[in-house]
Amino acid sequence: MTISPNSLVFVIDDDQSVRRGLRRLFKSAGYTAETFASAEDYLAREIFEGPICLVLDVRMPGLNGLELQKTLESRGACEQIVFITGHSDVPSCTQAMKNGAVDFLMKPFDGGELIEAVRRALERGAEYLCKRRERRESRRRVDKLTPREFEVFRFVIMGLLNKQIAAELHTAEKTIKVHRGRVMQKLGVTSVPDLVRVSQRAGVSPARKPA
């Protein structure tokens, strides 16, 4: 298993013995781990930009695990969460998984099972960050388009030909050809399928079908 050097595991549990034990476990597996006694302590930490797995206790004084999950979601965080708990709590498990948790483990759990859950969480986190970078880059390129180029862009991904776009925009076909070429150049693509993929990553919808 290859462990990304820019990934971190954060353990959040109010039980000091659990924090120490998990830190040793993750160190033995090759992971860099930090521990926190509360959700509030974790939120006070500087935001980490790489793949993150939170090994998070459900029941803690102050902000509990499920509340922290909601807080992180509201701020658009990329943390992937593996919940751990010493209490049999089906509703909490259901809610946690529904909100996107990677796993929900009962204490005492098998160390290998936890390591496997963390591995999956970090893989998911790396994939999420990759897609987010692609979205930002696609959006940055789209923002370079002029208003008219953006119009042409939306008609092209709709599947219209140059002459059809020219008719929609009441201009010459050769003008559309020029705009289309500039769109392709600015977005760094050479084909319509690539153009469609850029639009999907950037969140740009096709133009509406002509009446």
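Some notes on this structure:
- Where residue 146 falls short, out of the listed (1) open to solvent by 40 Å² or more (accessible area, probe 1.4 Å); (2) of a type in the set (Val, Ile, Thr); (3) under 30 Å from residue 56 (Cα atoms): (3)
- Residues of region 80-106 classified as in contact (Cβ under 8 Å) with a residue 60 or more places away in the chain and either surrounded by fewer than 12 Cβ atoms within 10 Å (Cβ to Cβ) or part of a loop (DSSP other than H, G, I, E, B) (or both), total: 0
- Filter result (surrounded by 14 or more Cβ atoms within 10 Å (Cβ to Cβ) and in a helix (DSSP H, G or I)) within region 184-199: 184, 186, 187, 195, 196, 197, 198, 199
- Counted as qualifying within region 3-67 are the strands (runs of 3 or more DSSP E) with 1 or more residues that are free of Cβ contacts under 8 Å to residues at least 60 places away in the same chain, open to solvent by less than 80 Å² (accessible area, probe 1.4 Å) and under 17 Å from residue 124 (Cα atoms), namely 8-12, 52-57.
- Per this entry, residue 190 is counted among residues that are under 28 Å from the mean Cα position of the chain (by Cα) and among the hydroxyl-bearing types (Ser, Thr, Tyr).
- Number of positions in region 166-183 that are more than 11 Å from residue 141 (Cβ to Cβ) and surrounded by 18 or more Cβ atoms within 10 Å (Cβ to Cβ): 4
- Residues considered: 178, 156, 183, 152. Of these, the only one that is aliphatic (A, V, I, L, M) and in contact with a His (Cβ under 7 Å, 6 or more places away or on another chain) is 152.
- Test: residue 112 is touching a Lys or Arg at 6+ places or on another chain (Cβ under 8 Å) and closer than 30 Å to residue 50 by Cα: no
- Only one of the listed residues (43, 68) is modelled with pLDDT of 90 or more, of a type in the set (A, V, I, L, M) and more than 22 Å from residue 6 (Cα to Cα). That residue is 68.
- Taking every residue in region 122-150 that is at pLDDT 95 or above and pairing it with any residue that is surrounded by fewer than 14 Cβ atoms within 10 Å (Cβ to Cβ) and among the basic types (Lys, Arg), at least 6 positions away or on another chain, yields no pair with a Cβ-Cβ distance below 9 Å.
- Residue check, residue 135 touching a Lys or Arg at 6+ places or on another chain (Cβ under 6 Å), open to solvent by 30 Å² or more (accessible area, probe 1.4 Å) and not in a strand (DSSP E or B): yes
- Any hit, region 115-129, residues being part of a strand (DSSP E or B) and of a type in the set (D, E, K, R): no
The values are calculated or read from the model by the stated rules, or taken from the named source; none is laboratory data. Here the structure is a predicted model, which means the values were calculated and not measured. Neighbour counts run over all protein chains shown; Cβ positions are idealised from the backbone, glycine included. Heavy atoms of the whole protein, side chains included, go into the accessibility calculation; ligands, DNA and RNA do not. Shrake-Rupley method; radii C 1.70, N 1.55, O 1.52, S 1.80 Å.
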